[in-house]
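Shown next, in structure tokens, is the structure this report addresses.
The values are calculated or read from the model by the stated rules, or taken from the named source; none is laboratory data. Predicted, not measured: the structure shown is a model, and the values here were computed from it. Cβ: placed from backbone, ideal geometry, glycine included. Neighbour counts: every protein chain shown. What goes into the accessible areas is simple: the full protein's heavy atoms, side chains included, and nothing from ligands, DNA or RNA. Shrake-Rupley method; radii C 1.70, N 1.55, O 1.52, S 1.80 Å.
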Amino acid sequence: MSREFLGELISEALAVLIIIAFGDSVAAMYILYDPSPYLNAYWGVCISWGLGVTIAIYATASVSGTHANPAVTLALAIYRHFPWRKVVPYCIAQIIGAFLGAAIVYALYVTVIDDFNTVHHLTRAAGGAAGVFFTHPGHAITPMHAFSDQIILTAFLLFGIFAITEQYNEMAPGANFGALIIGFLVALIGASMGYLEAWAINPARDFGPRLFAYFAGWDQSAFPSPGNYWWVPIAGPLIGGVVGATVYEYLVHPFLPAHIRAQKALHAVVTTPPPRAAE
């Protein structure tokens, strides 16, 4: 393994660690305290997740591009020439980062978690405080409904990321401002659709902390989880990411004026005959 590739993997792990450290911590603030500081200010939860994404991008994008999400890595491999040989290592690094981020949150909040479960007569194995670490369907949402939701939510995410990072999109944010807009996009999805099933939209975001929680005593509430839900935040985002990227690549990208001009210029260069040598 080259030094450069190792740096990319470390960067991806650190990016997701940052996101989970802040995101799961704000989930802990929302769930564990009574009254919750965010009970009537849910936007604060959403913007905390979004700013965690923004900070992760600013910290690591120069090294790895900050995919920080297997759904993003897969979509970039399909449509943006990201090397397929890097897909699995990137995804593993992202999951490791999420696992470690959850460990940091646990170290911060373990006494609060235990107090919350004691006060509410809950246990970890029964799912007490599980929402700090991993997602589950909300009110009136079945696992299969959640599966379709995750496809749709992640499609919005990848559609937005492709638009924000598109080199031919003349309306895309410039001067490294894209990281903040991607963070706002994550917050927007959470603010408008997050109560459905806590808007995982990222297999590593759910699987890494879920794996940590399993070993930390949440047992069957983590795996396989009620309704055998554990696979939904993995499969749904992977499918949804490809759907969103496909929609952008076929319904927007071909019609961008700057892209059309570039194609015409390339065609003109290819078809213009070379000048004749003087006789």
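Name the shape class, rounded, prolate or oblate, that the alpha-carbon gyration tensor gives for the range 99-154, where a ≥ b ≥ c are the square roots of its eigenvalues, rounded holds for a/c under 1.5, and otherwise prolate holds if a/b is larger than b/c and oblate otherwise. Mind showing how you got there, number by number?
On the way: a/c = 3.72, a/b = 1.64, b/c = 2.27.
In terms of gyration-tensor shape, oblate.
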In whole angstrom, the spacing between the Cα centers of the range 134-210 and the range 251-265 equals 27
For the chain, whose charge dipole is built from +1 on Lys and Arg Cβ atoms and -1 on Asp and Glu Cβ atoms, the candidate among Gly160, Ser36, Pro137 with its Cα farthest towards the positive end is Gly160
Here the convex hull volume per residue of the chain, taken over Cα atoms and given in Å³, is 154
Measure of exposure for Glu170: accessible area at 1.4 Å probe, Å² rounded to 10, is 120
Taking R0 as 35 Å and r as the Cβ-Cβ distance between Val270 and Arg3, the FRET efficiency 1/(1 + (r/R0)^6), rounded to the nearest 0.05, comes to 0.35
Under the Karplus relation with 6.51, -1.76 and 1.60 and θ = phi - 60°, whole-Hz ³J(HN,Hα) for the range 155-162, x at Gly and Pro, equal 4, 4, 4, 6, 4, x, 4, 5
Karplus-derived 3J(HN,Hα) from phi for the range 103-120 (6.51 cos²θ - 1.76 cosθ + 1.60, θ = phi - 60°), whole Hz, x at Gly and Pro, runs 5, 5, 4, 4, 4, 6, 10, 4, 5, 5, 4, 5, 5, 4, 5, 5, 4, 9
Here the range 66-82 yields Karplus 3J(HN,Hα) values (6.51, -1.76, 1.60; θ = phi - 60°; whole Hz; Gly and Pro given as x) of 6, 5, 6, 6, x, 5, 5, 4, 4, 5, 5, 5, 6, 10, 10, 6, 5
With all protein chains present and a 1.4 Å probe, the order of Arg261, Arg80, Arg205 from largest accessible area down is Arg261, Arg80, Arg205
Between Val110 and Ser62, Cβ-based FRET efficiency (R0 35 Å, step 0.05) works out to 0.50
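Excluding ligands, DNA and RNA, what is the solvent-accessible area per residue of the range 1-268 at a probe of 1.4 Å, expressed in Å²? Display every interim value, and only then the final one.
Details: 12520 Å² over 268 residues.
That works out to 47 Å² for each residue.
Rounded to the nearest 0.05, what FRET efficiency do Val247 and Asn176 have when you use their Cβ-Cβ distance and R0 = 25 Å? Each step should come with its number before you reach the end.
Numbers: r = 26 Å, r/R0 = 1.04.
It comes out at approximately 0.45.
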What one gets for the range 1-73 as the Kirkwood radius, inverse of mean 1/r over different Cα pairs in Å, is 13.2
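Two-decimal Rg/Rh of the range 30-103 from alpha-carbon positions, Kirkwood Rh?
Numbers: Rg = 15.8 Å, Rh = 14.3 Å.
With Rh from the inverse mean 1/r over Cα pairs, Rg/Rh is 1.10.
In deg cm²/dmol and to the nearest 500, what is the mean residue ellipticity at 222 nm of the chain if only DSSP H runs of at least 4 residues count, each as -39500 (n - 2.57), divided by the residue total?
Numbers: 10 runs with 185 residues, N = 279.
Value at 222 nm, helices only: -22500 deg cm²/dmol.
Can you send over the carbon and sulfur percentage of the accessible area for the range 1-268, probe radius 1.4 Å, protein chains only? Display every interim value, and only then the final one.
Working: 8730 of 12520 Å².
In the range 1-268, the share of accessible area belonging to carbon and sulfur is 70 percent.
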Pseudo-spin-label distance Asn40 to Arg80, built 7 Å along Cα→Cβ, given in nm, is 4.1
Taking the reciprocal of mean 1/r across every pair of different Cα atoms in the range 49-148, the Kirkwood radius in Å is 16.4
